[in-house]
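The values are calculated or read from the model by the stated rules, or taken from the named source; none is laboratory data. These numbers were taken from a predicted model, which means no experiment stands behind them. Neighbour counts are summed over all protein chains in view; Cβ atoms, including those assigned to glycine, are modelled from backbone coordinates with ideal geometry. Ligands, DNA and RNA are excluded from the accessible area calculation, which covers all protein heavy atoms including side chains. Shrake-Rupley method; radii C 1.70, N 1.55, O 1.52, S 1.80 Å.
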Amino acid sequence: MNTLEKQEGVYYTQNIENLPIEERVFFREGKGVSATSEHYRVATQIELAAWEEYKKQ
């Protein structure tokens, strides 16, 4: 299992194309069976910017 380790300045999100920002989750490290690189990936800067804008609403 490839667990997602905490890295400075890195957020992870679901590995699903076209998932709306309001349905995405962002986190810094994953623990447990479901938090693997198969299901999650490093979030892009565009996704993080959209997430910040969404949180302001």
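Structure notes:
- Contact annotation: residue pairs with Cβ atoms under 8 Å, 6 or more positions apart or on different chains, pairing a residue in region 39-57 that is assigned to a strand (DSSP E or B) with a partner that is among the aliphatic types (A, V, I, L, M) and surrounded by 15 or more Cβ atoms within 10 Å (Cβ to Cβ), are Tyr40/Leu4.
- Just so you know, in region 8-21 the residues that are in contact (Cβ under 8 Å) with a residue 12 or more places away in the chain and assigned to a loop (DSSP other than H, G, I, E, B) include one that is least open to solvent (accessible area, probe 1.4 Å), and it is Val10.
- Per-region count, region 28-47, residues surrounded by fewer than 13 Cβ atoms within 10 Å (Cβ to Cβ) and modelled with pLDDT under 90: 5
- Filter pass, Val25 being at pLDDT below 85, open to solvent by 60 Å² or more (accessible area, probe 1.4 Å), of a type in the set (A, V, I, L, M) and part of a loop (DSSP other than H, G, I, E, B): no
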